[in-house]
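Student: Questions regarding the structure given below will be posed in turn.
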Amino acid sequence: MIRVIGIGVKGRESLGKEALALISKTSLLVGGKRHLDEFPEAKAEKVLIKGGLEGIATRIERLKRGEDAVVLATGDPLLFGIASFIIKRFGKKRVLIIPNVSAVQEAFARIKEDANGVKVLSAHGRRGIESLVDEILRNDKTAVFTDDANTPATIAKALIGKSARGYRAFVVESIGAKGERVTEGGLPEIASVKTFAPLNVMILINNNRPPEKVCSPGIPDAEFAHNGAMITKEELRVISLSKLMIKKGSVVWDIGACTGSVAIEAALSGAAIVYAVEKDPRRVRDIVANRKKFGADNVEVIQGLAPECLSIIKERPGAVFVGGGGRDIGRILAYASRRLLPGGRCVVNAVTIETASRATAFFKSRKWQVELIQVSISKARDLSGLTMLSAINPVFIITGRKP
């Protein structure tokens with residue numbers, strides 16, 4: 001049997017009788033130096049966790065019949081802790097978990113704020129900071145286990161770079177140790193601090209988010225700031241979004257974004273980041289206003305002419321929406337298709353037969369899976385106390401799936 005035991009900030013004093021008894025009787029005791037130093041009298045073979053975990057797993061595998069192991073962890077072993085690795089390697093039946101108070105719980109106790117609804121994230125092992133910042137922006141309350149590369153100051157600067165506002169930030173350092181310290185401030189104050197202790201938890205609370213978000217698809221057109229008819233109608237938007245099949249955490253391009261209605265709904269549906277590309281400055285202002293209204297902080301607005309301006313986007317998309325394209329549809333699709341990830345989808349809305357024909361021919365020429373549908377919608381309106389239907393211009397929706 002492998003027991004994974006969490007140790008609180010008070011060390012040995014934080015453990016109950018059951019945990020202490022298991023440690024005293026175990027054949028193999030695994031842990032970090034700080035944890036192993038709590039048990040100098042232990043007769044078990046002691047193995048220091050240093051570097052990777054494969055060596056630890058190999059040693060546990062060599063246990064003889066009747067021998068067992070205790071793995072010491074910090075706080076809650078299942079909250080970005082070693083227990084997940086142990087369970088994955090040895091299976092649930094061989095593992096017993098005895099948790100303790102987590103560092104996140106201790107940090108919230110220090111700042112005297114409730115932890116209701118908190119999203120707990122870890123910066124460890126990430127390639128770059130972009131995905132971490134995007135997750136923070138999608139949540140009202142976040143706790144982050146930082147690391148040497150993604151320090152609290154680095155995270156604060158990245159959030160400022162994303163125009164994040166209304167955040168209170170707390171950095172709780174060296175919890176339970178002599179150098180324990182709590183730093184509180186706005187993002188600029190945290191960004192200005194040169195060094196924090198390596199063991200810290202960063203808590204971010206956003207008090208500037210709109211009181212509620214519409215998460216269901218098909219936000220009514222009237223809810224968006226827009227210039228007359230220049231908006232993807234809500235019914236067409238729902239169909240187009242369903243064809244995009246946006247995956248949680250993916251990157252989406254909305255080319256010819258107009259008011260940003262598709263971009264905003266894509267952002268609210270789980271995309272990590274959505275790039276809304278629009279050439280008209282008036283419509284760009286509408287996108288910015290709509291982004292603020294719906295709290296879609298993960299929408300990045302790019303003012304420019306496609307496809308020329310698309311080269312400034314570094315992330316490859318998993319889904320691309322093209323709201324028209326006109327005579328440039330071929331050039332736009334040629335560039336977008338090169339950047340689209342394998343298995344990704346490109347959805348084109350077209351009001352003219354020519355654009356629909358070019359988009360369909362483009363996908364077929366590259367042997368993509370292609371679908372073309374025409375959507376005609378009529379809405380009821382009052383006519384002298386009676387009701388009649390008024391038709392909206394039919395729209396072609398062309399979907400191509402990259403092999």
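Values quoted throughout were computed directly from the atomic coordinates according to the rules given, and no laboratory measurement underlies them. Just so it is clear, the structure is predicted and the values come from calculations on it, not from any experiment. Here Cβ is always computed from backbone atoms with ideal geometry, including for glycine, and neighbour counts include all displayed protein chains.
Student: Expressed as an acute angle from 0 to 90° and rounded to the nearest 10, what is the orientation of the C-alpha long axis of helix 281-294 relative to the principal long axis of the chain?
Tutor: So the inclination is approximately 40 degrees.
Student: Just going by the charge dipole of the chain, with Lys and Arg at +1 and Asp and Glu at -1 on Cβ, which of Ile23, Ala350, Val395 is farthest out on the positive end?
Tutor: Ile23
Student: Rg and Dmax of segment 221-401, using alpha carbons, in Å: what are they?
Tutor: 16.1, 55
Student: Here is a follow-up. Can you compute the modelled spin-label distance between Ser122 and Lys46, with each label point 7 Å from Cα toward Cβ, in nm?
Tutor: 2.5
Student: Please check the chain for the longest run free of GluC sites (Glu not before Pro) that are loop-located per DSSP (anything but H, G, I, E, B) and have at most 10 other Cβ atoms within 10 Å. Can you show the working numbers first?
Tutor: Numbers: sites that count: Glu41, Glu212.
Of all site-free stretches, the longest is 213-403.
Student: May I ask you to list the trypsin sites (Lys or Arg not before Pro) in segment 1-104 that are in a DSSP loop and have at most 16 other Cβ atoms within 10 Å of their Cβ?
Tutor: Values: sites: Arg3, Lys10, Arg12, Lys17, Lys25, Lys33, Arg34, Lys43, Lys46, Lys50, Arg59, Arg62, Lys64, Arg65, Lys88, Arg89, Lys92, Lys93, Arg94; in loops: Lys10, Lys43, Lys50, Arg62, Lys64, Arg65.
Answer by residue number: Lys10, Lys43, Lys50, Arg62, Lys64, Arg65.
Student: With charges only on Cβ, +1 for K and R and -1 for D and E, what is the dipole size of segment 2-100 about its Cα centre, in debye, rounded to 20? Don't jump to the answer; show the numbers that get you there.
Tutor: Values: 19 positive and 11 negative charges, 63 e Å.
Its charge dipole is roughly 300 debye.
Student: Go ahead and run the numbers for FRET between Ile392 and Asp37, Cβ-Cβ distance against an R0 of 56 Å, rounding to 0.05.
Tutor: Values: r = 72 Å, r/R0 = 1.29.
After rounding, the FRET efficiency stands at 0.20.
Student: For Lys364, which lysines qualify as cross-link partners when the Cα separation must be under 24 Å and same-chain residues fewer than eight apart are set aside?
Tutor: Cα-Cα hits under 24 Å: Lys243, Lys402.
Student: Go through Lys88/Lys314; Lys46/Lys93; Lys50/Lys162 and tell me which ones have a Cα-Cα distance over 27 Å in this structure.
Tutor: Working: Lys88/Lys314 34 Å; Lys46/Lys93 24 Å; Lys50/Lys162 36 Å.
Pairs exceeding the cut-off: Lys88/Lys314; Lys50/Lys162.
Student: Cross-link candidates for Lys43: which aspartates and glutamates have Cα within less than 17 Å, leaving aside residues fewer than 8 places away along the same chain?
Tutor: Reachable aspartates and glutamates: Glu67, Asp68.
Student: Shifting gears a bit: Find the percent of Cα-Cα distances in segment 1-136 that exceed 21 Å, and round it to a whole number. If you can, show how the numbers build up before the last one.
Tutor: Details: 4203 of 9180 pairs.
When all Cα pairs of segment 1-136 are counted, 46 percent exceed 21 Å.
Student: Using a simple charge model, +1 on the beta-carbon of Lys and Arg, -1 on the beta-carbon of Asp and Glu, nothing else, what dipole does segment 269-403 show about its Cα centre, in debye to the nearest 20?
Tutor: Values: 22 positive and 11 negative charges, 74 e Å.
The dipole of segment 269-403 has a size of about 360 debye.
Student: Something else: Between Asp221 and Glu54, 0.36 nm times their residue separation minus their Cα-Cα distance comes to what? The partial results should precede the final answer.
Tutor: Numbers: separation 167, 0.36 × 167 = 60.12 nm, distance 5.50 nm.
Computed gain between Asp221 and Glu54 is 54.6 nm.
Student: Still on this structure, please answer the following. Considering the convex hull of the alpha carbon atoms of the chain, report its projected area averaged over all viewing directions, in nm², one decimal.
Tutor: On the way: hull surface 104.3 nm².
With every direction weighted equally, the projected area is 26.1 nm².
Student: Under 17 Å between alpha carbons, and skipping anything fewer than 8 positions from Lys379 in its own chain: which lysines qualify?
Tutor: Hits, sequence-local ones excluded: Lys233.
Student: Now for a different question. Only Lys, Arg, Asp and Glu count, each charged at its Cβ (+1, +1, -1, -1), so figure out the dipole size of the chain about its Cα centre, rounded to 20 debye.
Tutor: Details: 62 positive and 42 negative charges, 246 e Å.
Approximately 1180 debye in magnitude.
Student: Give, in nm to one decimal, the length gained when the segment between Asp382 and Lys248 is fully stretched (0.36 nm per residue of separation minus the Cα-Cα distance). Could you put the intermediate results ahead of the total?
Tutor: On the way: separation 134, 0.36 × 134 = 48.24 nm, distance 4.13 nm.
That works out to 44.1 nm of additional length.
Student: Which far-off residues, 5 or more places away or on another chain, put their amide H under 5 Å from the one on Ser122, with H placed in the peptide plane?
Tutor: Hits under the 5 Å cutoff: Phe145.
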